[in-house]
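In what follows, a structure is listed as structure tokens, so that the remarks can point back to it.
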Amino acid sequence: MSTINNRFENLTLERLQEIYDLIASAPASPSSVHRHDFNVYDYLGVAPSGSSDASNVWTITRLTIASNGSVTTGIATGVNWTGRYTHTYL
């Protein structure tokens with residue numbers, strides 16, 4: 001298994017691919033808007049088509065990827081995309 005040589009030194013490329021496959025499997029539709037951002041966490045947001053980033057209609061999933069490769073998922077609903085770094089994820 002290949003290993004990524006950075007702060008996630010135990011995160012394999014195969015595990016990272018699994019994570020991105022999960023993100024990519026979110027249903028795409030003309031009736032929804034999708035946003036993605038990878039900062040310290042990995043964020044995926046979905047909202048009704050035509051929604052602004054500031055509207056409180058987003059459902060955002062946040063992935064926390066630990067250095068050992070484990071992943072924790074949290075979800076915030078009825079929030080805006082612009083505040084994704086400060087929302088509470090359960």
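The values are calculated or read from the model by the stated rules, or taken from the named source; none is laboratory data. Since we're looking at a predicted model, the values are computed, not measured. As a convention, Cβ positions derive from the backbone with ideal geometry for all residues, glycine included, and neighbour counts pool all protein chains shown.
Quick look at the numbers
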item	result
Identity of the residue in region 62-77, without any contact (Cβ under 8 Å) to a residue 24 or more places away in the chain and under 17 Å from His34 (Cβ atoms), that ends up surrounded by the most Cβ atoms within 10 Å (Cβ to Cβ)	Ala76
Of the criteria (1) β-branched (Val, Ile, Thr); (2) outside any loop (DSSP other than H, G, I, E, B); (3) at pLDDT 90 or above, which one Thr72 fails	(3)
